[in-house]
Amino acid sequence: MEAMSFAMFVDNIKAKILKEPQLYGTNKSFDPTTMSMGAPEIESIEKTNSARKAIGLAPLKDGEYKLKQN
């Protein structure tokens, strides 16, 4: 499976089924308060960029993600 397809598959399961932050940060998130799409929600930029590097994807940069609010 191609790296981006794999990352999107994993992120869809984590975000839509498990209701967890995305690992790879490939899918925009929906903000119900503004009724708009926004940056993907991830747990940690270090964890995400390490996972992206491991499968050959470029790292996310500032502004391309939002961290999960506790």
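The values are calculated or read from the model by the stated rules, or taken from the named source; none is laboratory data. Note that this is a predicted model, so its numbers are computed, not measured. Virtual Cβ from ideal backbone geometry, glycine too; neighbours counted across all protein chains shown.
Quick notes on this one:
- Within region 52-69, one or more residues are touching a residue at least 40 places away in the same chain (Cβ under 8 Å), of a type in the set (D, E, K, R) and not in a loop (DSSP other than H, G, I, E, B).
- Cross-chain or 6+ apart pairs with Cβ under 6 Å, region 1-23 first and in contact (Cβ under 8 Å) with a residue 24 or more places away in the chain, then of a type in the set (Lys, Arg) and exposed (fewer than 13 other Cβ atoms within 10 Å of the Cβ): Pro21/Lys68
- Looking across region 12-49, the residues that are under 21 Å from Glu2 (Cα atoms) and either part of a strand (DSSP E or B) or touching a Ser or Thr at 6+ places or on another chain (Cβ under 9 Å) (or both) come down to Asn12, Ala15, Gln22, Leu23, Tyr24, Gly25, Pro40.
- Candidates Ile42, Ile55, Ile13: the one that is surrounded by 18 or more Cβ atoms within 10 Å (Cβ to Cβ), modelled with pLDDT of 95 or more and among the aliphatic types (A, V, I, L, M) is Ile42.
- Considering region 16-39, and only residues there that are at pLDDT below 95 and among the hydroxyl-bearing types (Ser, Thr, Tyr), the residue that is surrounded by the fewest Cβ atoms within 10 Å (Cβ to Cβ) turns out to be Thr33.
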